[in-house]
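Below is one structure; the comments refer to it alone.
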Amino acid sequence: MRKLSNEEIGNIGLYEFQGYIGAMTSPTFGGWKGVDRLIELLDIKGMERPRILEVGCSTGYITRYVAQKFDCEMVGADISELLIELAREESERLNLANVSFERANAESLPFVDNSFDIVYGEAITALVSDPVMVLKEYRRVLKKGGKVATLDLFTNESLGSEFYQEMKNIMIMSNIIGPETDIRTLKEWENIFKEAGFNDIKINDYYEDIFVREYSFAEKIMISIRVIYNMAINRGLRRKLGPMLKFVKKFQNALKGDSFGYFIFTGVK
């Protein structure tokens, strides 16, 4: 991908900035262990060349992981044109013939009805303004008997008003992920999944490795250098990234208790 100008970097959201500097290379909630759990629950290995859609694929790191692991046709979708471009470039570099990427809004997917055997999303369904609408879109593009899965964060208790407002402010600064984001309880999520119309609903909850990014030592150094450099030369980025880094520390401290976990929901059309 071409190098962005200082002005362009100042204008993109934090979500896209992370992808641009190479920080979007591994899952957040549950890490790769969580992704492997999601894959196991979907039983992809037991299917004959399924067509699979990942919604909110970011730079496509999970999309490629699944494509390399199974004989399947993978489609990754994300609202960010910049991240889709990065996803395509990496897949071409790896010569992955069974992967494609589409720019798409989760609330209005550009696919015909009954297109996929599996639709899943990792850390995306909680970030939309209307999760029921999004899940109904997942259901629309699924074939009869097709399987859906989402992996997202949940809380066991109500969030404090200060923490909640700080989270909303960070979402606004992301430019893509909206301020409507909520961290819901498992019961609230169960009601959402039922309202979306899926059958055979199962929700598995987990409480370890909740907020992790599994970087190599070289990746950590590279990302740190790029963050420091871009913050040093870009005032707009400093205004956005400073509050986010402060909130991440607070969020990590909050996760040390038993108030949060991540879940994997599965259902069938």
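Please treat every number below as a calculation from the coordinates, not as lab data. Keep in mind that this is a model prediction, so the values were computed, not measured. Positions of Cβ are backbone-derived with ideal geometry, glycine not excepted, and every protein chain shown enters the neighbour counts.
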Subject >> region 180-269 - convex hull of alpha carbons, volume per residue in Å³ >> reply: 156 Å³
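Looking at region 1-96, which trypsin sites (Lys or Arg not before Pro) are in a loop (DSSP not H, G, I, E or B) and have at most 10 other Cβ atoms within 10 Å?
2, 3
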Original post:
Counting only complete DSSP H runs, which helices of the chain cover 20 Å or more along their long axis at the Cα atoms and score a mean Kyte-Doolittle of -1.0 or above?
Top reply: 217-233, 235-254
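On full extension of the chain, what length is gained from residue 112 through residue 93, given 0.36 nm per residue of separation minus the C-alpha to C-alpha distance?
On the way: separation 19, 0.36 × 19 = 6.84 nm, distance 2.92 nm.
3.9 nm is the gain from fully extending residue 112 to residue 93.
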Original post:
Which of 245, 87, 125 sits closest to the plus end of the dipole of the chain, meaning its Cα is farthest towards the positive end, when Lys and Arg get +1 and Asp and Glu get -1 on the C-beta?
Top reply: 245
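If the only charges are +1 at each Lys and Arg Cβ and -1 at each Asp and Glu Cβ, what is the size of the charge dipole of the chain around the Cα centre, to the nearest 20 debye? Before the final figure, lay out the partial values.
On the way: 35 positive and 39 negative charges, 105 e Å.
It works out to roughly 500 debye.
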Original post:
Once phi is turned into θ = phi - 60°, what whole-Hz ³J(HN,Hα) does the Karplus curve with 6.51, -1.76 and 1.60 give for every residue of region 205-210, x standing for Gly and Pro?
Top reply: 10, 9, 10, 10, 6, 6
Original post:
lysines within cross-link reach of residue 240: Cα-Cα under 18 Å, excluding same-chain residues under 8 positions apart?
Top reply: 168, 249, 250
Original post:
residue 33: which aspartates and glutamates have alpha carbons under 17 Å from its alpha carbon, excluding same-chain residues fewer than 8 sequence positions away?
Top reply: 43, 122, 152, 205, 208, 209, 214
Original post:
Over the chain, what is the relative contact order in whole percent, taking alpha-carbon pairs under 8 Å and six or more residues apart?
Top reply: 25 percent
**OP:** Set the Förster radius R0 to 35 Å, insert the Cβ-Cβ distance between residue 219 and residue 268 as r into 1/(1 + (r/R0)^6), and round the FRET efficiency to 0.05.
**Re:** 0.40
Original post:
How fast does the chain diffuse by Stokes-Einstein, in µm²/s, taking the Kirkwood radius from C-alpha pairs at 10 °C and 1.306 mPa s?
Top reply: 83 µm²/s
Original post:
Using helices alone, what [θ] at 222 nm do you get for the chain, with -39,500 (n - 2.57) per DSSP H run of 4 or more residues, divided over all residues and rounded to the nearest 500?
Top reply: -13500 deg cm²/dmol
Original post:
Can you list the GluC sites (Glu not before Pro) in region 5-58 that are in a DSSP coil and have 16 or fewer other beta carbons within 10 angstrom?
Top reply: 48
Original post:
What lysines sit close enough to residue 147 to cross-link, taking a C-alpha to C-alpha distance under 16 Å and skipping anything fewer than 8 places away on the same chain?
Top reply: 45, 136, 194, 202, 269
